[in-house]
Amino acid sequence: MERTAPRVGKPGPGEIASVVVLALAFAVPFISESPLVYSITNQILIAITAAFSVYIMLRMDLLTFAVPSFMAIGGYTVALAALKGGVTDTLLLAALAFSVPALVALPLGALVLRLRGVYFVLVTFVLTEIVQLLLFETPGLTGGSNGLVGMPATTLFGLSLADNRAVLFVAAGLALAAALITAGVTSYFRQHFAAIEENEVLAQSLGLVVWRYKVLGFVVAAGLAGLAGFSLVNMLLTAHPTSFSPISSVNYIGYTIIGGRSSMLGPIVGSTLLVWATNIFAIRGEYSQGLFGVLIIVVVLLARGGLLGAVRSLLLWVQTVRARASGTAPTSSPTVAPKSSPTTRVAP
Amino acid sequence: MTQATHAANRAAADGELRVEKISKRFGGLKVFDDINLTLAPGDILGVIGPNGAGKTTLINIICGKLAPTHGRIFLGGEEVTAKPFHSLSRMGVVRSFQQTNTFRTATVRENLARAVRFSGGSADVWRRLDELLARFGLAERQDEQSDKLPYGQQKMLGLLLAYSTSPKVLLLDEPAAGLEGRERTRVDDFVQHARADLGCSVLIVEHDMDLIRRLCPRIIVLDAGRSLAEGPPAEVLSRRDVIDAYVGAIDEEDA
């Protein structure tokens, strides 16, 4: 009997559940008419779309601060296309919002991702500052500190998507597209990404061209951030530098790590809870980053798997306690236990 | 069997490794100078020397993980000096690691599947692998997470990962380090199998002199940055200068 290798491209339960959850977002406009609910749902969907960008890079153990940069590139591309090019078709704008940041990421990634992970983190950090500078210092193109205002409403097949409800549909559609892309890429390349995350040197020694997969991930992550940028600009009908501040990168990292980096549901759970909490407790923007920073530290110290990992561990613990009470051992080994130790490095 | 012959023929055509006058420095620190060696398909070469002699560095240079300061490396006549690590692996120069080195949270099967996939291997690798898994007591542990295996089996898995890429030149960095007596004979078994199945050449860095004597018709002694002696183990290991270089170290385990 010949056993074959584990398949490459099969989405797991986490990926499927994530796509389903985001598809459910389309139901919100039918359930509620409250502007507050619309506004929070919009913000959550944008946060999720952007957090997927962080999630993809974390699959390869790479931390990216560049999410706001690529959001800005995507958002400004859309604003310029609408204002100067007269493009309002949502599908076309979405394609632009994905591909322009992705094209910017390609040479940058090819250059930087051959270096060690730390340098990559640094470069993404610097990139956010550079993009801010460019947005402020090129008023001819970007409107400088005024931003680009007065964007027309987007359309779909000639239909205007102007009202609150339609804007929410666009945000949900973009988030769903982002979820499908994330699920597709991370499940198709699951073995490659996991190998890079766990033991890059071993993967290389077996012939994997590691930097190519990192660049691929980076390009897709940039595209997803671009979609989030489109979503944000579409909600505000304005593209403004402050929407893409360097420090907001901490939020997207926070959503992902606090929610749980080991499954696609992590960024969804993290974004939903944290955006909701920020709104409900009326935490002012500048404090929320501080709060997220503290939460990230707590998660890293106490629950590496984030909220999702903590829930899993709890369920496993309950299962074990029950099994012990009834005198039988649990049937399956705890394969979903949160992973802990960092990758083995090989001494030269 | 025809397949093994075929593999051997192919390797004979393009598998010869030639290392010419390699030297390596890290800044002002000289690791070694002027190392030469040739490995024809099917050869088994032992590399011994006291700790710090540059044995692992030599493997790191041949496999492309480090670039040499001077000198050149050829594979089947083509120069491959300082080619990237992954390219050399794809060309058939594959190494194992001194420490246990697996994809820790992946199962044994997933580990091997990654090795086969990353190296662009074909499905018939699995038939040979299944036999080796059975020999090394790993067949029934294929669905276990690799870092839950006992130390010795993790080391064997490390060797099998290199084997799964169907290498032409296999570089083994202390394959027996930390293994018990009975487990050590599995290394012999592995090397013989790899050579017979793949027609590859094998370079073994090792401190276990019994293993070296059993496996290697030819050895090189590295000491203080140079090649001290080369030849059959019986002859080389009885030389006075080799014994002197190795005093107090010859039966020492673990780097």
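Annotations for the structure displayed:
- Rg/Rh for the protein assembly as shown (Cα atoms only, Rh after Kirkwood) is 1.06.
- Calculated FRET value between A:Ser32 and B:Arg226, using beta carbons and R₀ = 56 Å, to 0.05: 0.10
- Shape of segment B:3-249, Cα gyration tensor, a/c cut at 1.5: prolate
- For the pair A:Ala277 and A:Leu106, a Förster radius of 41 Å applied to the C-beta separation gives a FRET efficiency near 0.65, rounded to the nearest 0.05.
- Normalised contact order of chain A, rounded percent, pairs of Cα under 8 Å and 6 or more residues apart: 29
- Cα coordinate range in segment A:10-124, projected on the principal axes (Å, largest first): 50, 43, 28
- Shape category assigned to segment A:115-240 from the gyration tensor of Cα positions, a/c cut at 1.5: oblate
- The base-10 log of I(q)/I(0) for segment A:76-139, evaluated at q = 0.14, 0.15, 0.22 Å⁻¹, reads -0.56, -0.62, -0.97 [Debye formula, identical scatterers on Cα atoms, solvent excluded].
- On the principal axes of its alpha-carbon atoms, chain A has extents of 67, 51, 45 Å, going from largest to smallest.
- Computed P(r) (all Cα pairs; segment B:74-212; 5 Å bins; percent): 2, 10, 21, 24, 22, 13, 6, 2, 0
- Size of the A/B contact, given as accessible area buried on both chains, probe 1.4 Å, in Å²: 2800
- Charge sum, other residues only, whose C-beta stays under 12 Å from A:Tyr38's C-beta, Lys/Arg counted +1 and Asp/Glu -1: -1
- Aspartates and glutamates with Cα under 15 Å of A:Lys10, excluding same-chain neighbours fewer than 8 positions away: B:Glu110
- Mean sequence separation of contacting Cα pairs (under 8 Å, at least six apart), scaled by the length of chain B, corresponds to a relative contact order of 26 percent.
- Sequence-distant lysines (8 or more away, or on other chains) whose Cα lies within less than 16 Å of B:Lys30: B:Lys21, B:Lys55
- Among B:Arg95, B:Arg186, B:Arg226, B:Arg25, the order of accessible area from largest down is B:Arg226, B:Arg25, B:Arg186, B:Arg95, computed with a 1.4 Å probe on protein heavy atoms.
- Euclidean distance of C-alpha centroids, segment B:55-124 and segment A:9-82, integer Å: 39
- Accessible-area ranking of B:Lys83, B:Lys24, largest first, probe 1.4 Å: B:Lys83, B:Lys24
- Share of carbon and sulfur in the accessible heavy-atom surface of segment A:24-72 [1.4 Å probe, %]: 71
- Applying 1/(1 + (r/R0)^6) with R0 = 60 Å to the Cβ-Cβ distance of B:Ala40 and A:Ser99 gives a FRET efficiency near 0.70.
- Net length gained if the chain between B:Phe74 and B:Asn51 were fully extended (0.36 nm per residue, minus Cα distance): 5.6 nm
- Neighbour net charge for A:Ala105 - beta-carbon separation under 15 angstrom, K R +1, D E -1: +3
The values are calculated or read from the model by the stated rules, or taken from the named source; none is laboratory data. As the structure is a computational prediction, the values presented were derived from the model and not from experiment. Ideal geometry is used to build each Cβ from the backbone, glycine not excepted, and the neighbour counts take in all protein chains shown. Side chains are part of the model used for accessible areas, which takes the heavy atoms of the whole protein and leaves out ligands, DNA and RNA. Shrake-Rupley method; radii C 1.70, N 1.55, O 1.52, S 1.80 Å.
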